[in-house]
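A short worksheet on the structure shown next.
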């Protein structure tokens, strides 16, 4: 007997060409589907019930990507991890109704961006995010032609040399958060003022040199997806596995950063 469940999935997006399936390149979705095939949960076709909360871009990571999976009772997060690559870890799950859809039933998504900006003004960053909050037509923040009117909330805090920017909405058009971060960065650094935001929120389309380029994807993380009345239960074995994997990857990246700093310091000497 099978049941429909929602799985929380964490992944290091720097190892993949995005979440959504694409030909000839490694994606997170392909890794999940391959794992389900290896476990004999699905065949070669993609079932109708398979859906995810968001289509993260290449290089974007996730803490709480949420995927609908219909399978046998033994299919726990730990069981799924047994066939997933190390950079992708299931860590919690929840029983959901038979008509649950991970994309359409989400009422809020949260993305967090870790912006390296040691000299940027926190107060200016807060002011910029405040000006962008609320309901606006963000048509100048995305290549999408539809779905550009969104109600945005967010906050920004300083953590050492980084500004940690969290934004929340019921959905995000393509490249929205990364373009928003480009704007927030130039305002926080004093390169542009609040009038730049007002110009971008105006009805006139801006592109070319007047448009906004997306910030790099690697500092962006899908940190939460909210579903009313759905309670996720952590799988202790899966949580331990995920913590070990991502702690190890963090150590590797810190080591690489230290080597880069040592080379830069040596050149300066």
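What follows is calculated from the coordinates using simple rules that are stated; it is not laboratory data. It should be emphasised that the depicted structure is a prediction, and the values quoted were computed from it without experimental measurement. Reconstructed Cβ throughout: ideal geometry from the backbone, glycine too, with neighbour counts over all protein chains shown.
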Can you tell me which of 27, 45, 223 moves the most in a GNM of the chain? Springs connect C-alpha atoms under 10 Å apart.
45
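Restricting to Cα pairs below 8 Å that are 6+ residues apart, what does the relative contact order work out to for the chain? Please round to a whole percent. Write out the running numbers ahead of the final one.
Numbers: 510 pairs, mean separation 64.3, N = 269.
Rounded, it is 24 percent for the chain.
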For the stretch 108-222, what's the relative contact order in percent, using C-alpha pairs closer than 8 Å and at least 6 residues apart?
38 percent
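Which whole-number percentage describes the relative contact order of the stretch 25-130, with Cα contacts under 8 Å and a sequence gap of 6 or more? Display every interim value, and only then the final one.
Numbers: 68 pairs, mean separation 29.6, N = 106.
For the stretch 25-130, the relative contact order is 28 percent.
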Please report 156, 186 as a ranked list, fewest other C-beta atoms within 10 angstrom at the top and most at the bottom.
186, 156
Contour minus Cα-Cα span, residue 148 to residue 4, at 0.36 nm per residue, comes to 48.7 nm
Using a Förster distance of 25 Å, how high is the FRET efficiency between residue 244 and residue 161, based on the Cβ-Cβ distance and rounded to 0.05?
0.40
Checking the a/c ratio against 1.5 first, then a/b against b/c, what shape does the Cα gyration tensor give for the stretch 133-269?
oblate
Classify the chain from the C-alpha gyration tensor, please: rounded if a/c falls under 1.5, else prolate or oblate depending on whether a/b exceeds b/c.
oblate
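So what's the back-of-envelope 222 nm ellipticity for the chain, counting only DSSP H runs of four-plus at -39500 (n - 2.57) apiece and dividing by all residues, rounded to 500? List each step's numbers first, then the result.
Working: 6 runs with 80 residues, N = 269.
Mean residue ellipticity, 222 nm, calculated: -9500 deg cm²/dmol.
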Nearest 10, in degrees from 0 to 90: the angle of helix 122-132 to the longest Cα principal axis of the chain is 70 degrees
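Take every DSSP beta bridge with both residues inside the chain and express the antiparallel ones as a percent of the total, to the nearest 5. Please report the intermediate quantities before stating the final value.
Details: 45 of 47 bridges.
Antiparallel bridges: around 95 percent, rounded to the nearest 5.
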Shape call for the stretch 50-107 from the C-alpha gyration tensor, a ≥ b ≥ c root eigenvalues: rounded (a/c under 1.5), prolate (a/b greater than b/c) or oblate?
oblate
